[in-house]
Amino acid sequence: MRGILIDSNERSFTVIETSAGLEELYAQIGCGMVEVVGMPDGEHDLWVDEEGLLKLNGATMFFEMVGLHQPIAGKGLILKYDGKGGSTDATLDIEELENTVSFKTMIEIQEQYGNA
């Protein structure tokens, strides 16, 4: 299925093909445990590293999306929610994401939210 990978380290959006199986999600996001976050449009899910905020260092990069309550560390994979507990092809365009996603460094996040 069609997914959109957000990579904060590369500051990029990439359309990818995925089966959305757990092992494949781990590999694509670069983690050992995933968490799903409902996106503001109510139609798509954002799959992220559940432990991303536990692995912070000075080189950690983040992305923020309009309508999400906190920044996301590392990568995220967007898939559309199928309404039955599964996923299907993402229907968002990268151009839409470019208008709602911003990439930030650890320093920028600390300045915005304060030091943790």
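All of the numbers you see were taken from the coordinates with simple rules; none came from a lab. Everything numeric in this text was worked out from a predicted model, so none of it was measured. Positions of Cβ are backbone-derived with ideal geometry, glycine not excepted, and every protein chain shown enters the neighbour counts.
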Relative contact order [Cα under 8 Å, 6+ residues apart], the chain, whole percent: 29
Dipole magnitude of region 2-113 about its Cα centre (Cβ charges: Lys, Arg +1; Asp, Glu -1), debye to nearest 20: 200
Residues Leu79, Leu54, Leu97 arranged by fewest to most Cβ contacts within 10 Å: Leu54, Leu97, Leu79
Label zone at Ser12, where the point sits 7 Å out along the Cα-to-Cβ direction: region 68-103 residues whose backbone N lies under 19 Å: 73-79, 93-99, 101-103
Order of His44, His69 - criterion: other Cβ atoms within 10 Å of each residue's Cβ, fewest first: His69, His44
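With all pairs of different alpha carbon atoms counted, what Kirkwood hydrodynamic radius in Å does region 37-102 show? Each step should come with its number before you reach the end.
On the way: mean 1/r = 0.0784 Å⁻¹.
After inverting the pairwise mean of 1/r, the radius is 12.8 Å.
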Kirkwood hydrodynamic radius of the chain, from inverse mean 1/r over distinct Cα pairs, in Å: 14.3
Reachable lysines, given that their alpha-carbon falls under 16 Å from the alpha-carbon of Lys75 and they are not under 8 places away in the same chain: Lys55, Lys104
